[in-house]
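Working notes for the structure below.
Laboratory data are not the source of any read-out in this text; all were calculated from the coordinates shown. The structure displayed is predicted, hence computed values, not measured ones. When we count neighbours, we look across all protein chains shown, and the Cβ atoms used for this are built from the backbone with ideal geometry, even at glycine.
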Amino acid sequence: MTAPIIPPAGLEQVRSGTHPVRRILRSPFAVASLAWLLLVVVASLAAPLWLPYDPLAQDFSAVKQLPSAAHWLGTDELGRDILSRIFAAGAEALLYSAISAGVAVGVALALALAAAARPVARSIGDRATEIVMAIPAMVVILAVIGAVGTNFALVMAIFGLLVSAGLYRVFLGQARGLQSQAYVEAAGIDGMRQVAISLRHVLPNMLTTVFVQFVLIFAISMMIQAGLAFIGFGPQPPNPSWGGLIQSASKAVYDFPWLMVPPGLVLVLTILSANTLADVVAAGAGEPPRLIALGREAKRRRRTEKAAAAVVAPTDAALVVDGLTVGIEGGPALVTDVSFEVRSGQVLGIVGESGCGKSVTAMSILGLLAPGLAVRDGSVRWNGHELTGLSDQEMLAMRGKQIAYISQEPMRALDPMFSVQSLLVDAIRRLRKVGRADARGVAADLLAQVGIADIDRVLRSYAHQLSGGMAQRVAIALALAGNPRLLIADEPTTALDVTVQAEILSLLRGLVRDTGMAVILVTHDLGVVADICDDVAVMYAGQIVEFGDMAEVLDDAQHPYTMALLAADPHNPAAVRAGRLASIPGQVPAPAAWPSGCRFAARCAFAHDSSHDPQVLRPRVGDAGLVRCDRAAELHAAGADWQSATEGVTA
Ligand code: SF4
């Protein structure tokens, strides 16, 4: 396990390694390039204030002169000052390049962000850019010049539009990768709108690429302008342009070659500088952040007093899932006829092997089924309100505020671009509608609530600076940002070591006790169920096969699958006493291969003739809960146990 990076006490920590400005400052070439670009920009924009000569003024007594004190870069064939003409043309060259790069990056970025978030937008974006890429750019440019003349602002904007099609692919690849990050999904689960997710979590992570592409397109546009001016499609004489200056110089290249040097050098240096900057920024983009000690006592952050948004115990609330069936559109069902209820202050454990439908059930409640999946039947009612028919907007308003979610990978659920304080304050402001100062106070309270002692340091930390347990506590604090009344925890302790698991379970127990939240805990670990749950639903192949009070079910399992899970559980004292852990032969069948009878029959040590009949939930012996096995009573009476029944059987 990688040790968290903890700064020495009292030292401010900053993210330095990936910051583009710091990368530029570390490279002498990049510093020189930046200095040159700044010089060109400032000198060009301020040209009217400092140019020594009128760029159009001719002096036939001083034609084709080499550099001198009077003319620093010499004069051309009409005695015009070359320095004045270069920088008089600079502002337009820079402006047109910026227009072109701005249009290219702006259009490509907007399309890519939309396409990464919505399949429909992606389909439109893909087709539109394919069409644009099939158009020969130079032919279009020449046609536009033919139609509108040398309106370079329009010509370069159209050039940017044509270039944006290729750029769209670059941005889309990165945006899609970021959209699939768990912290982006977590933001959606917390109720953040898609536009806000794109702007808050996707775009900031793309800024380096955006900057690099902008600079590259800027440099290319400068070359295109110079090329067009060289062949006579630029600003018309006597107005100066960089391409026009080179074209004039080319006519006198044999008798006065110096004329080519100043404009050529300025153009080449400007393009090279832009490319160097782009290279330096792009080259360090993958460096991990590192810490810099500023050697001064860090300012202690003031906490605001508890705001109106402080955590309050919710009123009684209930989730009722009834006959829920979820399936692939046009394909098999993944979850069938699932029913359970969970109330305020209760913890329901949903347990089973991978592929049994636990997470699909949880995601159905959140309205976040993967594309292609849909609720086919049944209902999910929260406080009497049906959730299955709600629109995306209505579910968005529900998530984060009423129902929150924590996943098994807390480190990935935290956006690495933002500090814990930034993430918490943003979520609290959005979900509780409070001001920034109040949100800071609530953020500190939430961290205290999830058992974090060094609150100031954690607030300043980024995800990579947190241990797994600390990150899960922060993820839980984030989930509590909207003061939810139902928390869905999907394998929240799977990625943690045993000691931290116990701490997180203890934290969840305390939260249920203190806030009265209802919790649905998805897990494959019966030890976790025994530790924290009030009720348990055992799922196998998309069905609940046993349901009831946790102690009743674990002490007296009546479905062979529950028996098998217990016999295979290293936390089960009876299994440990037996001297070996039992195995369950075979695998959970794929949904398309579910038998019409008992779905556990192929692996069941007690299978019999009637196991091929469809099994329904029936009362457990003792009426405490339900079991989906018509031999349950018989097996219970016979004192059957999985361990003995599978003696000598290997998985
Ligand atoms: S119905 Fe038969 S196969 Fe299914 S769990 Fe019960 S005993 Fe096993």
* **Debye, to nearest 20: dipole size of region 484-569, +1 on Lys, Arg Cβ, -1 on Asp, Glu Cβ** => 280 debye
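How large is Rg over Rh for region 414-555, taking Rg from the Cα atoms and Rh as the Kirkwood inverse mean of 1/r across Cα pairs?
Working: Rg = 16.5 Å, Rh = 16.2 Å.
Reported Rg/Rh, Kirkwood definition of Rh: 1.02.
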* In Å, descending, principal axis extents of the Cα set of region 471-587 -> 44, 28, 25
* Convex hull of region 374-448 built on C-alpha atoms - directionally averaged projected area, nm² -> 7.0 nm²
* Asked: When DSSP beta bridges are limited to those with both residues in the chain, what percentage is antiparallel, rounded to the nearest 5?
  -> 60 percent
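For the chain, with only Lys/Arg (+1) and Asp/Glu (-1) charged at the beta-carbon, what is the dipole magnitude about the Cα centre, in debye rounded to 20? Each step should come with its number before you reach the end.
On the way: 50 positive and 55 negative charges, 447 e Å.
Roughly 2140 debye for the chain.
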* To do: Report the one residue of 480, 547, 464 whose Cα lies farthest in the direction of the positive end of the charge dipole of region 458-580 (charges on C-beta: Lys and Arg +1, Asp and Glu -1; origin at the Cα centre).
  => 464
* Measuring from centroid to centroid over Cα atoms, what is the spacing of region 311-388 and region 407-480 in Å? -> 27 Å
* **Cα centroid of region 583-651 to Cα centroid of region 229-263, whole Å** => 88 Å
* **Charge dipole of the chain about the Cα centre (unit charges at C-beta), most positive-ward option of 178, 60, 97** => 60
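Can you tell me the order of 629-638, 239-248 when each peptide is scored by its average per-residue count of other Cβ atoms within 10 angstrom, highest first?
239-248, 629-638
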* Compare the peptides 58-65, 501-508, 465-472, 91-98 by average per-residue count of other Cβ atoms within 10 angstrom and give them in order, highest first. => 465-472, 91-98, 501-508, 58-65
* Asked: To the nearest whole percent, what portion of all C-alpha pairs in the chain is separated by more than 35 angstrom?
  -> 57 percent
* Asked: So which helices of the chain fit the span-like rule, where a helix is a whole DSSP H run, its Cα atoms reach 20 Å or more along the axis, and its mean Kyte-Doolittle is at least 1.6?
  -> 28-45, 82-117, 203-230, 261-283
* Just give me a number: lysine pairs in the chain, eight or more positions apart or cross-chain, with C-alpha atoms less than 21 Å apart. => 4
* Between 268, 250, 518, whose Cα lies farthest towards the positive end of the dipole of the chain when Lys and Arg beta carbons carry +1 and Asp and Glu beta carbons carry -1, centred on the Cα centre? -> 250
